[in-house]
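Trainee: Provided herewith is a single structure, encoded as structure tokens, for subsequent inquiry.
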Amino acid sequence: MNSRIPLRKRLLVRLMITSVLIALCSVAATAWLAVQTTTRAIQEEQGQVLADDTDILRQLSGYAATHPSWAGVQDTVRRLSAATGRRIALTTADRTPIADSARSRTALPPGAAATVDPLHTDTYSEPGAQLSGVDPRAVGPYRLTPLERARLGKLATVRQKCAARNGVDTTITWTPSGRPVLADENGILPNSTVPEVCADGQLNTLTHTEETALTRLTTLAEACLRRENVALPAKGFISLEFSSQAPQPQFALGGKNLGGHPTAIGAKGSECVAEARREQLDPDVAPVAELFLGTGDSALPHFDMSNANKAKIVGVTGLVLALTVAVTALVASRLVRPLRALTQAAQQPLEKHVRVPVTTRDETGILAVAFNELTERRERMEAQRKAMVSDIAHELRTPLTNIRGWLEVTRDGIVDPDPELLASLHEEAVLLQRVIDDLQDLAAADAGTLALHREVVRADELLAQVAAAHRVGAEAAGIGLRTGTGTGTGTDGTSAPTGSGTAWIDADPVRMRQALGNLVSNAIRHTPDGGTITLSVREEEDQVVLAVADTGSGIAAEDLPSVFDRFWRAEKSRSRRTGGSGLGLSIVRQLVAAHGGTVAVASELGAGSVFTLRLPATDPPVDADELR
């Protein structure tokens, strides 16, 4: 078998090539990562990432200043890591992880690169931070409402236009708190530079939000002054100065006599204001965190390896390749073995029906099970095909033999062609025609070409027509044939209500009469003299249930699964004394299925049988009242 398969197409060879390529890619990636890691370490030692580190600290301090917790900082950490190529990790003071850009939790550097605390920030993390030691982006309760921002924005626009009319060009700058300020090319426009006609004082007036925050700050500062045993100054000893960064609370003597030594009081006051400000902002900023910076995985300049490092990489590559080939060969051999067994079994002649042993539980094992099931189905279908050919030959041979025999003796003058002989030949021809017609109907149903001429018909009228067609034959056999009124018979032989309305179905009336007629004919043949056959109809939800029940000999429980098989008869002797070709019930099942319905049978020996047809119900036609 292997000699006919090109080497490059063998599964084992393809698996090995794939594994080698994967190993090469893995080794190359590992070597590249080692080069990049080494290059980054050298850059860190040379101080080439100082600007990136400062920017990372600045942005994380800004995040802490504008968020009450570190929840959600992971996306910011990963974004900064992707932009700078650094590993960024945040932990609490006891090194409990907060966020980490590394996919795997590797060990952190021995010491933190910086402490992220927006209330005690590094003087270089944000312009203006060195003025108070508080990140100016931490505004907390000083953040203006949208309505206040809109009102101040309009005032700033008015002042800007006024200044422009008086020869002063300005721009509007928005502070982190949401307050607009005017600035020129030199920065914030001082009040002394604002044209007198434009200095209406409205833009610098505190909003309700700022007044509320300032009142709270004053309360906290007063508590601090009391703790320091400093006499409380007059009200309004704290003022807000506006800059491009944030409102800056300031301790102001206001020119009033506060008592004691103004210089000492001013120093203590400034310290208390700063302390009170941190206490006020603390709930709105993130807790203190330790910042760790390490090697990342971004693109770095090329790093030239030494010959020793190159030799190490080549040695490791060779070892990985050898291990990959060995493992792949072992796994592939175990994988190919059951596939070869499947191929050999599939190449055997059909009559052998070879089974493949199932040795694994993976995809190959599942394939082997499916192959064995397919073999079993093929074996059953072959047996059914042979049985059907035998049955068809038997059904056709008997009437043809009778016809041929009588024709030969008539031709030889042994028997005269009297009416009785002609009637017998006609009966055999009719039986032969019936078998052929049944086979033709089954073939059309199997091929999906069975022609149906559907129309909306009343189910009870359909039963009445079938009963009328078979009433003479039933009476001749001494059997009572009636249609159900008020109750029907379920598949279990018990009574069931028929429903109050008239049942309508969308069906071919000729084909449905053929199906019901086959059931009635079978019932007549298997019901003794004095028995009863009942045709009933009822509605169950969206289905119409047609039932043919008899009080005949019944069917054994073990024969019920074979009732609708072709050429099956309850009489194992296959005698045609009871009539029928053995195809009637198969035709019933095919006709009902073509109408989108199902057929079932319930029977008990000596108690009779019930055949139940379930068809989709349909709405009555628009002229249903006239039809009634």
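The values are calculated or read from the model by the stated rules, or taken from the named source; none is laboratory data. All figures in this text were calculated on a predicted structure; none of them were measured in a lab. For neighbour counting, all protein chains shown are included, and Cβ atoms are generated from backbone atoms with ideal geometry for every residue, glycine included. These accessible areas exclude ligands, DNA and RNA; they are computed on the full protein's heavy atoms, side chains included. Shrake-Rupley method; radii C 1.70, N 1.55, O 1.52, S 1.80 Å.
Trainee: Could you put MET512, MET381, MET16 in order of accessible surface area, largest first, with the 1.4 Å probe and the full protein assembly present?
Mentor: Numbers: MET512 0, MET381 125, MET16 55 Å².
So, going from the largest accessible area down, we get MET381, MET16, MET512.
Trainee: Measuring from the lowest to the highest alpha carbon on each principal axis, how far does the stretch 75-184 reach, largest first, in angstroms?
Mentor: If we take the Cα atoms of the stretch 75-184, the spans are 63, 28, 27 Å.
Trainee: Let me ask something additional. Mind pulling the per residue volume of the convex hull built on the Cα atoms of the stretch 502-559? Å³ is fine. Write down the numbers at each step before the final one.
Mentor: On the way: hull volume 6.9 nm³, N = 58.
Spelled out: Cα convex hull of the stretch 502-559, divided by residues, is 118 Å³.
Trainee: Got a number for carbon plus sulfur as a percent of the stretch 57-121's accessible area, 1.4 Å probe? Walk me through the numbers before you get to the answer.
Mentor: Working: 1700 of 3140 Å².
Of the solvent-accessible surface of the stretch 57-121, carbon and sulfur hold 54 percent.
Trainee: Another one. So, in Å, what gap is there between the alpha-carbon centers of the stretch 510-571 and the stretch 72-86?
Mentor: 77
Trainee: Still on this model: Taking 51 Å as R0, compute the FRET efficiency from the Cβ-Cβ separation of GLN440 and ILE22 and round it to 0.05.
Mentor: Efficiency at R0 = 51 Å is approximately 0.25.
Trainee: On to the next question. With each label point set 7 Å from Cα along the Cα-Cβ vector, what nm distance links ASP416 and ASP55?
Mentor: Spacing of the two 7 Å Cα→Cβ label points: 12.4 nm.
Trainee: GLN348 to LEU319: extension gain in nm, 0.36 nm per residue of separation minus the Cα-Cα distance? Kindly include the intermediate steps, with their values, before the conclusion.
Mentor: Working: separation 29, 0.36 × 29 = 10.44 nm, distance 4.38 nm.
That works out to 6.1 nm of additional length.
Trainee: In nm, to one decimal, how far is the modelled label at HIS426 from the one at LEU367, with both set 7 Å along Cα→Cβ?
Mentor: 6.5
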